[in-house]
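Below is one structure, written out as structure tokens; the observations come after it.
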Amino acid sequence: GTVSSEWVCPKNEEVRRYVKSLISEVALKYDVDGVHLDYIRYPNRTYCYCNKCKESWVSEHPDEPWPPEPTDPTWIKMRQDVITSFVEETRMMLKGINPKIRLSAAVFPVPKDAINNRMQNYPVWAANGTVDFIAPMTYSNVSCGSEIENWLKEIVKVVNGKTFVYAGIGLHKLLETPDPIEEFKKQVNVTRKFVHGYVLFRYGLLEPFKEDIEQVNVQPAIPPHVPGPSIVQVYINKEDVKDFKIEVLNPEYSPSDATITGIEVGLEGELFEVVETEPPIEDGILIPRGESLNITCWKLRKGDAHFSWREIASMFSGEIVTIHVLFQEFPAVSREVKLPYVKLYITPEFDAKVSFRRFNITITNDHLSEVNLTIRDVLVFGVNIEYMVPDVRTGLVTIQPNESICFRFNGSWHGVVKTTISVLTAQGYVFREVIELEAAYALILSVDFYEEHPDYFNVTVYNLPESDVYVNVTKITCKLANGTIIERHYPSVGIMPNSTLTLKFDMDWTGHMGEIIEVQAYFLQDFETSPFSAEVVPEFSFTLLLITFISASLIVAILKKRSRKYKGKI
């Protein structure tokens, strides 16, 4: 820790009394609208380790060593309380002098940094009504205001609508950008999207921006701190999550009617735009002054990806989400709500060594789930399910928290190397699990007939190198030209990947010379090869015929050559 010559200790009572006396003097002698607390913080978390701080620490925590680590939670809380108590004391003092005087504070833009490193626990100030508004120091030279946008989303989330937020635009940072004026306009638009207004830092740099400030503020300003619309409640029915409903109130004392231009859902640092509502949001939703309106929302978008609300409720179960409602005439309003905790676990059992047709899926309802889940369907992408036990398509199955049910399926998954298992519930929840499966690729390499063996032919089966498992041939079929199918069964013999197996197919084929037959191999693992077409032609006869043809051709050629030779001599 450090002791600084540039910073006074916020815990020093003499310093606190002196600063409050200056604030009191201004409030008593001048007609001011507000008091703004700047530098109401510690410089960093390694400060302060002065004698006053030591005395307080040793007194309050006699069993703890001195000095504590800067990251010690108790030490952080103690310093947060030092800053918070000064803000509270200032608030009470101003209230006694003139209740109309507004109290505000400049705070760091990243909530975690402000709270844990600067000891500015401004979410608590907001929740307790200690400040009338905060001015986050969202000073940025990042093009298009993207950095400010991310900061403001987090700030709006942590203050949770408990105080006004006027974002700070740093003119000194704008002057570092290639086009300060254009960047200024972009940052103003970002503040209008998320918070109640903006403030400029600092006055001495105002001159280059004066004309543009007038241009971006051509519309009349909203009267300061006049309440506008608010989100009365967000309703999520844990027994039916196909949609959620929000009630928005535009109070009687609102300055005008309100037009909703957008609804957004923020969670885990991501922002989803609501695109389908009732009433429809495409052209705006009007709420006259003095009225409230219930809006049902069910479809969202993030970039090019679309999501149903039931998917969001399932993916982010138990998470805190922030609902933002955007207006044409007013700043956005926000409200946090916790999604129902409903978790379902999918445990697949696919064994390629046993069967490519049978598989099991165990479904477990988490022990902390808030709902008895009723399964209405189980889908396996790429697999045509022939039957399941229990069959939820004919009778729904309910799984209570901490209960598991094993579903048995029949349906070929041969050739499916990656699939998505989807479990659909009557309550609207959708749970998915993406899995990779083992594969087996086999084919008939050849069908061979031999003249000396007219009572059978050979079938060679090949298990390809790409296979993950061995396969066992149990049956081979031969489909004759007239449609008759002949079967032969075999003891189970495994074929390892990149290996072949040749089997005899007992059949008198002499009566089918020249015909095309189709041969298929069937496996213990419940799949079969594609049909292999072969012409019934014995290899020996073909070879003998070929040799005879070649020999005859040679004899003819020799005779012709001799004939020409004799002709030339006569």
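Each reported figure results from applying straightforward, stated rules to the coordinates on display, with no laboratory input. Being a predicted model, the structure only gives us computed values, none of them experimental. Cβ placement follows ideal geometry from the backbone for every residue including glycine, while neighbour counts extend to all protein chains displayed.
Calculate, for Glu278 and Asn141, the FRET efficiency according to 1/(1 + (r/R0)^6) with r their C-beta to C-beta distance and R0 56 Å; round to the nearest 0.05.
Efficiency, rounded to the nearest 0.05: 0.85.
If I model a spin label as a point 7 Å beyond the Cα along the Cα-Cβ vector, how far apart are those points for Asn160 and Asp351 in nm?
Those two pseudo-labels are separated by 5.1 nm.
Starting from the Cα of Leu175, step 7 Å along the direction of its Cβ; do the same at Phe381; then give the gap between the two resulting points in nm.
Label at Leu175, label at Phe381, 5.5 nm between them.
Given +1 on the Cβ of Lys and Arg, -1 on the Cβ of Asp and Glu, and no further charges, what dipole in debye does the chain carry about its Cα centre, rounded to the nearest 20?
Computed charge dipole of the chain: roughly 1360 debye.
Whole angstrom only: what separates the Cα centroid of region 113-132 from the Cα centroid of region 228-263?
Each part's Cα centre sits 27 Å from the other's.
Taking only C-alpha pairs under 8 Å that are 6+ residues apart, what is the relative contact order of the chain in percent?
The normalised contact order for the chain reaches 7 percent.
Which of the three applies to the chain, rounded, prolate or oblate, going by the alpha-carbon gyration tensor with a ≥ b ≥ c and a/c under 1.5 meaning rounded?
Since a/c reaches 1.5 and a/b is larger than b/c, the shape of the chain is classed as prolate.
Where does the charge balance sit around Thr477 when Lys and Arg score +1, Asp and Glu -1, over other residues with C-beta under 11 Å from its C-beta?
The answer is 0.
Please name whichever of Ile101, Pro68, Thr90 sits farthest to the positive end of the charge dipole of region 53-113, dipole taken about the Cα centre and charges placed at Cβ: Lys and Arg +1, Asp and Glu -1.
Looking along the dipole axis, the top candidate is Ile101.
With Cβ to Cβ distances under 13 Å as the rule, what net charge do the other residues near Arg45 carry (K, R +1; D, E -1)?
+2
Can you tell me, using C-alpha contacts under 8 Å and at least 6 residues apart, the relative contact order of region 13-216 as a whole percent?
18 percent
What helices does the chain hold that run 27 Å or longer along their axis, going by alpha-carbon atoms, with a Kyte-Doolittle average of -0.5 or more, using DSSP H for the helix calls?
73-97, 539-569
Can you compute the modelled spin-label distance between Met92 and Glu64, with each label point 7 Å from Cα toward Cβ, in nm?
With each label point 7 Å from Cα toward Cβ, the separation is 2.4 nm.
Per DSSP helix of 4 or more residues, -39500 (n - 2.57); summed, then divided by the residues of the chain. What does that give at 222 nm, rounded to the nearest 500?
-8000 deg cm²/dmol
By DSSP, what percent of the beta bridges with both residues in region 13-216 are antiparallel, rounded to the nearest 5?
Of those bridges, close to 0 percent are antiparallel.
What is the calculated FRET efficiency for Phe307 to His36, with r their C-beta to C-beta distance and R₀ = 51 Å, to the nearest 0.05?
Efficiency, from the Cβ-Cβ distance: 0.75.
Take the alpha-carbon centre of region 1-59, take the same for region 396-428, and report the distance between them in whole Å.
Cα centroid of region 1-59 versus Cα centroid of region 396-428: 62 Å apart.
Pulled fully out, how much extra length does the chain show between Thr474 and Leu28, if you take 0.36 nm times their separation in residues and subtract their Cα-Cα distance?
Result: 150.6 nm gained on full extension.
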